[in-house]
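Input: a single structure, listed below in structure tokens.
The values are calculated or read from the model by the stated rules, or taken from the named source; none is laboratory data. Being a predicted model, the structure only gives us computed values, none of them experimental. When we count neighbours, we look across all protein chains shown, and the Cβ atoms used for this are built from the backbone with ideal geometry, even at glycine. Calculation scope for accessible area: heavy atoms of the full protein, side chains included, ligands and nucleic acids excluded. Shrake-Rupley method; radii C 1.70, N 1.55, O 1.52, S 1.80 Å.
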Amino acid sequence: MRDSQNMGIFLKSSFALALLTGVPSVEAGQTRVWHYTDGRTFTAEYQWSNQKTLYLKDRKGREFQVELGALSNADLEYTRGLRAQDNAEGIIYHAPLTWEEYRSKKITTSKARELGYYPINSQPSSGGSLRLQFRRFGSPPSIAENQRVVLRVTTQARGGTRSTIRVQSGGKTIGAVKGAPSGASFDILLPPAVFQGSESIVFDLTGAGDTILVRSTESGAGPRLLILKPKQNSP
């Protein structure tokens, strides 16, 4: 019950923030009715957009793209708002999260999604691991030396933690955070090479120490794979 109450507060706060700022608070996975300039409509999930193209997913999970010039002014303003929101947060590029696969002997994937978080721990009896797949659209993005590639993780509040979260790819650890905080968002630095090769980018999240609760896409705060602007030095 407490988890459900916390989730309701989180969603209401996000909606209120969107109303106050005038910027839509949305990521890949939310469905919208889109409008062509000739009046035709279609329903699809927003995935990603650049200056010319909108990448979407239909109700059957098939990906497709639409030139922004073919959409209504309202939809153009909507996508500009999304890009402006990313820019305000220092995000240059984000790869949409296409699925999460939870592995645990203690709790089912469906139950974890219902709760809105995944318990991550190195002990199979008390937690599990999480496999994430992200989608890179088009050719690999250009990444400058002073830009950062990160996996942004949000955790559920649950007292203190001494957890370590590791990110593995191809059986190798490519990033980690020690003493990961609970009830907060934090970034795990990754090598830029993760955007090379296949358009499907797969990571495994494992933990050590205390169990930490990683928020899921169902909670509205799922993991995000981002390219960030350089950090600004404080005066």
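Data for the structure
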quantity: Boolean, Ala180 is over 24 Å from Gln47 (Cα atoms), open to solvent by 30 Å² or more (accessible area, probe 1.4 Å) and either touching a Ser or Thr at 6+ places or on another chain (Cβ under 9 Å) or in contact (Cβ under 8 Å) with a residue 60 or more places away in the chain (or both); calculated: no
quantity: Residue within the stretch 201-216 that is touching an Asp or Glu at 6+ places or on another chain (Cβ under 7 Å), within 23 Å of Ile92 (Cα to Cα) and touching a residue at least 40 places away in the same chain (Cβ under 8 Å) present; calculated: yes
quantity: Lone qualifier among Thr206, Thr173 - being outside any helix (DSSP H, G or I), open to solvent by 60 Å² or more (accessible area, probe 1.4 Å), out of contact with any Gly (no Cβ under 6 Å at 6 or more places or on another chain) and not charged (D, E, K, R); calculated: Thr173
quantity: Any hit, the stretch 131-143, residues being at pLDDT 90 or above, hydroxyl-bearing (Ser, Thr, Tyr) and in a loop (DSSP other than H, G, I, E, B); calculated: yes
quantity: The lone exception for Ser49 - which of (1) small (Gly, Ala, Ser); (2) within 22 Å of the chain's Cα centre (by Cα); (3) open to solvent by 30 Å² or more (accessible area, probe 1.4 Å) it fails; calculated: (3)
quantity: Scan of the stretch 23-52 for residues that are touching a helix residue (DSSP H, G or I) at 6+ places or on another chain (Cβ under 7 Å), at pLDDT 85 or above and assigned to a loop (DSSP other than H, G, I, E, B), ordered by number; calculated: Thr37, Lys52
quantity: Residues of the stretch 197-235 that turn out to be closer than 20 Å to Asn146 by Cβ and modelled with pLDDT under 95, as a count; calculated: 7
quantity: Exclusive hit being in a loop (DSSP other than H, G, I, E, B), within 17 Å of the chain's Cα centre (by Cα) and not aromatic (Phe, Trp, Tyr), set Gly197, Gly183; calculated: Gly183
quantity: Residue selected from the stretch 95-124 under the condition touching a Phe, Trp or Tyr at 6+ places or on another chain (Cβ under 7 Å) and in a strand (DSSP E or B), by the criterion nearest to Val214 (Cα to Cα); calculated: Tyr118
quantity: Which listed residue is among the acidic types (Asp, Glu) and open to solvent by 10 Å² or more (accessible area, probe 1.4 Å), from Asp75, Asp58; calculated: Asp58
quantity: Extreme residue, surrounded by the fewest Cβ atoms within 10 Å (Cβ to Cβ), among residues of the stretch 155-170 that are among the basic types (Lys, Arg) and modelled with pLDDT under 90; calculated: Arg162
quantity: Scope the stretch 144-170; condition small (Gly, Ala, Ser), farther than 22 Å from Glu89 by Cα and in a loop (DSSP other than H, G, I, E, B); matching residues; calculated: Ala157, Gly159, Gly160, Gly170
